[in-house]
1. Could you go through segment 51-61 and let me know if any residue there is closer than 18 Å to Val260 by Cβ and in contact with a strand residue (DSSP E or B) (Cβ under 7 Å, 6 or more places away or on another chain).
2. Of (1) crowded, with 19+ Cβ neighbours inside 10 Å; (2) out of contact with any strand residue (DSSP E or B) (no Cβ under 8 Å at 6 or more places or on another chain), Ala145 satisfies all except one. Which?
3. How many residues does segment 165-189 hold that are under 23 Å from Gly125 (Cα atoms), assigned to a helix (DSSP H, G or I), out of contact with any Ser or Thr (no Cβ under 6 Å at 6 or more places or on another chain) and not β-branched (Val, Ile, Thr)?
4. Just checking, which of Val182, Val157 is in contact with a strand residue (DSSP E or B) (Cβ under 7 Å, 6 or more places away or on another chain), surrounded by fewer than 20 Cβ atoms within 10 Å (Cβ to Cβ) and modelled with pLDDT of 95 or more?
5. When the residues of segment 120-137 are filtered to those that are under 15 Å from the mean Cα position of the chain (by Cα) and in a loop (DSSP other than H, G, I, E, B), which remaining residue is farthest from Gly85 (Cα to Cα)?
6. What residue, among those in segment 117-137 that are of a type in the set (Phe, Trp, Tyr) and touching a strand residue (DSSP E or B) at 6+ places or on another chain (Cβ under 7 Å), is nearest to Val163 (Cα to Cα)?
7. Would you point out the residue of segment 17-33, among those that are hydrophobic (A, V, I, L, M, F, W, C) and within 25 Å of the chain's Cα centre (by Cα), that is surrounded by the fewest Cβ atoms within 10 Å (Cβ to Cβ)?
Amino acid sequence: MGDDRPYWDPEVEAMPREAWPSYQDRLVREAVAFAYDHAPEVLRRMQRAGVMPDDIRGVADLPRIPILAKDALPELQAKHPPFGGMLAVEVSQLRRIFMSPGPIFEPEGDRRDYWRWAPALWAAGFRPGDLVQNTFAYHLTPAGAMMEEGLRAIGCVVVPGGVGNTEWQVTMMAQMQVTGYVGTPSFLLTLLQRAQEKGLALSVQRAFVTGEPLPEPLRRTLQEDYGVDVYQGYGTADVGNIAYECSEKAGWHIAPGIVVEIVNPATGEPVPPGEPGEVVITRPDAVYPLVRFGTGDLSALNVVPCPCGRTSPRLVGFLGRVGEGVKVRGMFVHPRQLAQVFSGRSEVARYQGVVTRVGHQDEFTVRVEPKPGARVHPDELAAALREVIKLRVNVEVVAPGTLPEDAKPLVDRRTWE
């Protein structure tokens, strides 16, 4: 309301292009030096590699430090509770503690907009006084609180809608004349369609979406059929904001305060701009410093200047996964979660989770092959799976011999054209 400045953090977002490399090198030195002294996990990793903080002078030196894979966090945190030796403060100094599927525990430091989503939300057009429906989960997982902190830093009024409750959310949006939306793009479409069915007029003008890919046909539907200006961002529960779209909507600008490498997943070595690789994060932080944290996501860097004036490189988008985890409706599903449900079930010979896309919605089906003569109860299995995975699951019982012996426990068959 009345604030037309183009950038949330102009000193970083619009710094001279030639200053970007030295800025990134400074972040690397800060992150490595602090983490070496305060995060035992980083100390152990660097000592095993024979690397000292003074050896790391900038981004070019980072490959000397081994990558910590996100998929390694559950085992690491179980071995060194509660945060795997990655926490740099006493637990009593935290504001919140979250748990994502894995389980993976994530700390939130006690400061304004800890997860740094305000720059992304500002780039999407949110301004002080906007009334915004936040449809990310507020229970255990951090997405709801992450987005609320960013919105409140801007000065928005937040409706904590959370996940589901479509009828109530549509009613709230209509009666309160909500103008903004934060959540997954597929749920936004669900809300808009339900409002249309009920004859309710919504006032949503803009949306910031993340947690699942945004195919261009879905973006066009939201913008052209419903008049919602849609922006996309990318982040993780461990890192917070990694990158986000500007008004050009041609890739995701690297967020202030972090270093992003795109590396060969097999070697950990950086790849040239434009070449796909794993997104690896280094972040200086006084609470939870990260040094070469491998997200498991694939993307590529675009270093062509952007007309919006932001001078950071951009990620080209989501190009797939390196690790075994798959994100479904904004939540990670991992093969070990399926194993947790099926271990000890003598009636099941084999199983396989299959992720597909029906229209603009993710579908998660677990195919279950019973042992000869055994009986499987789909409803009971679906309830057990939902308890662990925190998602609605379809259970399909298939005939013995349907699934091959070497069937992967989890496959993603979605396409994003």
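1. Within segment 51-61 (the criterion being closer than 18 Å to Val260 by Cβ and in contact with a strand residue (DSSP E or B) (Cβ under 7 Å, 6 or more places away or on another chain)), the answer is yes, since at least one residue qualifies.
2. Ala145 satisfies all of (1) crowded, with 19+ Cβ neighbours inside 10 Å; (2) out of contact with any strand residue (DSSP E or B) (no Cβ under 8 Å at 6 or more places or on another chain) except (2).
3. Going through segment 165-189 one residue at a time, the tally reaches 10.
4. Result of the check over Val182, Val157: Val157.
5. This residue is Thr135.
6. Checking each candidate, the answer is Phe136.
7. Trp20
Conditions (1) within 30 Å of Glu13 (Cα to Cα); (2) within 23 Å of the chain's Cα centre (by Cα), marked per residue:
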| site | (1), (2) |
| --- | --- |
| Cys308 | yes, no |
| Val328 | no, yes |
| Gln337 | no, yes |
| Gln352 | no, no |
| Val355 | no, yes |
| Pro372 | no, no |
| Arg375 | no, no |
| Leu381 | no, no |
| Lys390 | no, yes |
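The values are calculated or read from the model by the stated rules, or taken from the named source; none is laboratory data. Predicted model only: the values in this text are computed from it and were never measured. Cβ coordinates were reconstructed from backbone atoms using ideal geometry, including for glycine residues, and neighbour counts include every protein chain displayed.
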